[in-house]
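Taking it in order: structure first as structure tokens, then the write-up.
The values are calculated or read from the model by the stated rules, or taken from the named source; none is laboratory data. Keep in mind that what you see is a predicted model, and the values were worked out from it rather than measured. Using ideal geometry, Cβ is built from the backbone for each residue, glycine included, and neighbour counts are taken over all protein chains shown. For the accessible areas, the whole protein counts, side chains as well, though only heavy atoms, and no ligand, DNA or RNA atoms are used. Shrake-Rupley method; radii C 1.70, N 1.55, O 1.52, S 1.80 Å.
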Amino acid sequence: METKKFTLAVIGCGRFANWFMPLFKAHPNVKKMYACDLIESKAKDFEKRFGLEIIKTYEEVLERKDVDCVLNFTERH
């Protein structure tokens, strides 16, 4: 049985996302990752640390046809 690779998008680049991103980055079935955050500096940090592409808004994330999985790591303050 062939395992399908998938594209992952993360909304929210804060504390919880930082805990899980190394696991997703190392997962053999993740072919591409995107990130989105309202705070641009957090998104840019993720871009550098995890080698992924930034998407400006969550609406754009949800409209992408190539995204197979969306993880919401936003925090309520």
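Residues that are aromatic (Phe, Trp, Tyr), open to solvent by 60 Å² or more (accessible area, probe 1.4 Å), more than 12 Å from the chain's Cα centre (by Cα) and on the phi < 0 side of the Ramachandran plot: does the range 19-31 have at least one?
Checked the range 19-31: at least one residue is aromatic (Phe, Trp, Tyr), open to solvent by 60 Å² or more (accessible area, probe 1.4 Å), more than 12 Å from the chain's Cα centre (by Cα) and on the phi < 0 side of the Ramachandran plot.
Filtering the range 32-46 to residues that are surrounded by 14 or more Cβ atoms within 10 Å (Cβ to Cβ) and among the small types (Gly, Ala, Ser) leaves Ala35, Ala43. Condition check: open to solvent by 80 Å² or more (accessible area, probe 1.4 Å) and in contact (Cβ under 8 Å) with a residue 60 or more places away in the chain. Does Arg49 satisfy that? Answer is no for this residue. Filtering Ala9, Ala35 for residues that are under 13 Å from the mean Cα position of the chain (by Cα), without any contact (Cβ under 8 Å) to a residue 60 or more places away in the chain and assigned to a strand (DSSP E or B) leaves a single hit, Ala35. Tallying residues that are open to solvent by less than 80 Å² (accessible area, probe 1.4 Å), under 20 Å from Arg76 (Cα atoms) and out of contact with any helix residue (DSSP H, G or I) (no Cβ under 8 Å at 6 or more places or on another chain) within the range 4-18 yields 3.
In the range 52-77, which residue that is open to solvent by less than 80 Å² (accessible area, probe 1.4 Å) and in a strand (DSSP E or B) is nearest to Thr3 (Cα to Cα)? Out of the qualifying residues, it is Cys69. The set of residues from the range 2-15 being modelled with pLDDT under 90 and on the phi > 0 side of the Ramachandran plot is empty. Of the residues making up the range 13-32, those that are of a type in the set (D, E, K, R) and part of a helix (DSSP H, G or I) are Arg15, Lys25. When the range 14-61 is filtered for residues that are out of contact with any strand residue (DSSP E or B) (no Cβ under 8 Å at 6 or more places or on another chain) and hydrophobic (A, V, I, L, M, F, W, C), the ones remaining, listed by number, are Phe16, Trp19, Leu23, Ala26, Leu38, Ile39.
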